[in-house]
Amino acid sequence: SYHTVLPMEMMNSDQPLASELAKVYIGQGGVILFAITVSLSTVGGKIVAFMSYSRNLQAAGAQGVLPSCFGLLNRRFRTPLLALIYLGITTGISILIGDVYNLISYASYTKFPFYALCAVGVLLMRRTKPDYPRPFRVSPVFPVVTVLFGVFMFVTPLIGEDWLMSFIWLTVILLLGIPCYYLCIHQKHRLNILVNFSDRVTKTLGELMNSEVNLQ
């Protein structure tokens, strides 16, 4: 629809194409309407993302994959308050110290490889554990497409003039998770002093937030 209505000169400009399309079809009021609807859609999408990501953090904390304080669940509302607060703080800091284009690239680089690995795991389990119970079945086409898309989104941010430094910094950040996991989480290698500290933090935050570590 963009190519049909808008000239190529406008397609190559820095103006938002959706707003220009609305201006052609509806007029100046269409630009305002599009801006409002896009804003509402973005806010709704981010709310859903926050709720789902916070539940992932809470489940990981409750299962011992992350520090136990992330597993806190409010006794009254059954919401992962600490996970929501953590996501809000880290998101705000990321917005303040970087521009949105870099954030998108960094998120793609750090997130999509793990999506691809999850899809590879699905393919491997289909072969190694064909009789393993599944809540629902999907065609192998979907994990294959996920792997390809994940590789594409992983490689794309590295294409640019400063790709090398971005690659180095993001790789270092990702690799830092390995010693953190072994020192704080892994049953055989974790340090007792860090475990005790984590337990005290979890207990204190649980009392302040009227929360408990729970998978429900």
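The values are calculated or read from the model by the stated rules, or taken from the named source; none is laboratory data. Remember, it's a predicted structure, so these values are computed and weren't measured experimentally. Here the Cβ positions follow ideal geometry from the backbone for every residue, glycine too, while neighbour counts run over all protein chains shown. Surface areas here come from the heavy atoms of the whole protein model, side chains and all, with no ligands, DNA or RNA. Shrake-Rupley method; radii C 1.70, N 1.55, O 1.52, S 1.80 Å.
Being under 19 Å from the mean Cα position of the chain (by Cα), open to solvent by less than 30 Å² (accessible area, probe 1.4 Å) and over 28 Å from residue 194 (Cα atoms) is a description that applies to residue 49. Every test in (1) without any contact (Cβ under 8 Å) to a residue 24 or more places away in the chain; (2) open to solvent by less than 70 Å² (accessible area, probe 1.4 Å); (3) over 23 Å from residue 156 (Cβ atoms) is passed by residue 87 save one, and that test is (1).
Condition check for residue 76 on (1) farther than 28 Å from residue 150 by Cβ; (2) surrounded by 17 or more Cβ atoms within 10 Å (Cβ to Cβ): one failure, at (2). Contact map, the range 196-210: residues that are touching a residue at least 12 places away in the same chain (Cβ under 8 Å) and on the phi > 0 side of the Ramachandran plot paired with residues that are in a helix (DSSP H, G or I) and surrounded by 12 or more Cβ atoms within 10 Å (Cβ to Cβ), Cβ distance under 9 Å, separation 6+ or inter-chain. Pairs shown: 210/81.
Taking the conditions exactly as written (over 25 Å from the mean Cα position of the chain (by Cα), hydrophobic (A, V, I, L, M, F, W, C) and open to solvent by less than 80 Å² (accessible area, probe 1.4 Å)), does residue 183 satisfy them or not? For residue 183, the condition - over 25 Å from the mean Cα position of the chain (by Cα), hydrophobic (A, V, I, L, M, F, W, C) and open to solvent by less than 80 Å² (accessible area, probe 1.4 Å) - is not met.
Restricting to the range 186-202, give me the number of residues that are surrounded by 13 or more Cβ atoms within 10 Å (Cβ to Cβ) and among the basic types (Lys, Arg). Final tally of qualifying residues: 1. Just for the range 27-48: of the residues that are modelled with pLDDT of 85 or more and among the small types (Gly, Ala, Ser), which one is farthest from residue 80 (Cα to Cα)? The extreme case among them is 41. So is residue 137 open to solvent by 80 Å² or more (accessible area, probe 1.4 Å), on the phi < 0 side of the Ramachandran plot, modelled with pLDDT of 85 or more and charged (D, E, K, R) or not? When the stated conditions are applied, residue 137 does not pass them. Contact map, the range 56-81: first residue under 9 Å from residue 213 (Cβ atoms), second residue open to solvent by less than 60 Å² (accessible area, probe 1.4 Å) and β-branched (Val, Ile, Thr), Cβ cut-off under 7 Å, separation 6 or more or different chains; pairs are 68/202; 69/201; 69/202; 72/202.
For residue 79, the conditions (1) assigned to a loop (DSSP other than H, G, I, E, B); (2) modelled with pLDDT under 85; (3) within 30 Å of residue 174 (Cα to Cα) are fulfilled apart from (2).
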